[in-house]
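All remarks here apply to the structure that follows.
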């Protein structure tokens, strides 16, 4: 199957997670992505370690988010290197960066400069906080923006302080938003021939991520967020919503009528909450009763009672148990990729399927400057011959 973005060339100046996650989405859909990296260190994400795990000389994070791409090493402060990068940019369908406002202007590769050379370019950029306002120059780092955005008051129990999500959710969601905007602009270009500037900020992206709760906040007269005192999984939902410990593990309970839940589980204390309004107003009391009762049986026992009654519930799996389960295996979400030097590793695949076909890729992350020679031969020698 021909992938939908084949023959689309992306020149990617971005580093860390947000920008590279956007270009990964485009690469998995068939685009050719050339990373422009500085000499010696390259993308700083090459040294961004998780648990000190190094894979073939670079961090596991880099390998996860930069597979299926090429690396072109260039010093943007050297005129000869800049001239080569300009030749790439002139041919690009898409240009991406995630530097702070003003950096690309100093380097000379900002949207207006690129558009003069390449009028139909789709130019995507990520900032931390947008182009204006007092925060525009602050570092666009995931934890900092989670903390500023209000997100950390949604997780954890009400007796605890703010709790961040244990993954770079702001980076990943912003990258997805940028990819979405770039795809929309490519569609417009296909219709009218007009490229454009696509912008996404990390703060705006994570605020949009909270659209459900922020809408409730405004409708509720700006009342402060009130998390459940225990077993909290959603600050704006009533009982039983949460994760509960059992005799041998944990069980997740989503929505459900509390009296019915009590009957199925044999928890008589829940019969005193017949009104739906009480499932929120009295959620702490209900959750306490549920938590104490669920400790008396195993996860398997409770699931055997709840699942046949179509109660929304689930086991709480660790990655090893998830990946050993047939329900996960059938999805084929893990793929093996191979780097240019033969190094192989397992990672996730693109989650999108089109016409029944999975979007797998075989190419691992590039070594720094791995494709300089090939790119020079393809782009620069050819351009000299044409000239």
Which numbered condition residue 337 misses (of (1) buried (at least 16 other Cβ atoms within 10 Å of the Cβ); (2) touching a residue at least 60 places away in the same chain (Cβ under 8 Å); (3) out of contact with any strand residue (DSSP E or B) (no Cβ under 8 Å at 6 or more places or on another chain)): (3)
In the stretch 26-52, residue surrounded by the most Cβ atoms within 10 Å (Cβ to Cβ) [restricted to those that are without any contact (Cβ under 8 Å) to a residue 12 or more places away in the chain and within 16 Å of residue 167 (Cβ to Cβ)]: 50
Out of 263, 284, sole residue that is within 30 Å of residue 161 (Cβ to Cβ) and modelled with pLDDT of 95 or more: 284
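Just the residues that are surrounded by fewer than 21 Cβ atoms within 10 Å (Cβ to Cβ) and either at pLDDT below 95 or farther than 10 Å from residue 238 by Cα (or both), please, taken from the stretch 266-276.
If the condition is that a residue be surrounded by fewer than 21 Cβ atoms within 10 Å (Cβ to Cβ) and either at pLDDT below 95 or farther than 10 Å from residue 238 by Cα (or both), then 266, 267, 268, 269, 271, 272, 274, 275 are the ones that fit.
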Criterion: touching a strand residue (DSSP E or B) at 6+ places or on another chain (Cβ under 6 Å) and modelled with pLDDT of 95 or more - qualifying residue of 19, 30, 42: 19
Hits in the stretch 346-369 - residues which are touching a strand residue (DSSP E or B) at 6+ places or on another chain (Cβ under 7 Å), assigned to a loop (DSSP other than H, G, I, E, B) and either farther than 20 Å from residue 28 by Cα or without any contact (Cβ under 8 Å) to a residue 24 or more places away in the chain (or both): 368, 369
Residues that are exposed (fewer than 15 other Cβ atoms within 10 Å of the Cβ), touching a residue at least 40 places away in the same chain (Cβ under 8 Å) and in a loop (DSSP other than H, G, I, E, B), drawn from the stretch 277-315: 295, 296, 298, 312
Hits in the stretch 6-25 - residues which are without any contact (Cβ under 8 Å) to a residue 40 or more places away in the chain and closer than 18 Å to residue 349 by Cα: 6
Count of the stretch 184-195 residues which are in contact (Cβ under 8 Å) with a residue 40 or more places away in the chain and surrounded by fewer than 19 Cβ atoms within 10 Å (Cβ to Cβ): 3
Residue among 124, 120, 158 that alone is touching a helix residue (DSSP H, G or I) at 6+ places or on another chain (Cβ under 9 Å), outside any helix (DSSP H, G or I), touching a residue at least 40 places away in the same chain (Cβ under 8 Å) and not assigned by TED's automatic domain parsing to the domain that holds residue 91: 158
Residues of the stretch 59-81 satisfying the condition of being over 25 Å from the mean Cα position of the chain (by Cα) and under 12 Å from residue 42 (Cβ atoms): 73, 74, 75
Test: residue in the stretch 236-254 that is within 18 Å of residue 305 (Cβ to Cβ), more than 35 Å from the chain's Cα centre (by Cα) and modelled with pLDDT of 95 or more: no
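The values are calculated or read from the model by the stated rules, or taken from the named source; none is laboratory data. For clarity, every value in this text was computed on a predicted model and none was experimentally measured. Heads up, the Cβs are rebuilt from the backbone with ideal geometry, glycines too, and the neighbour counts pull from every protein chain shown.
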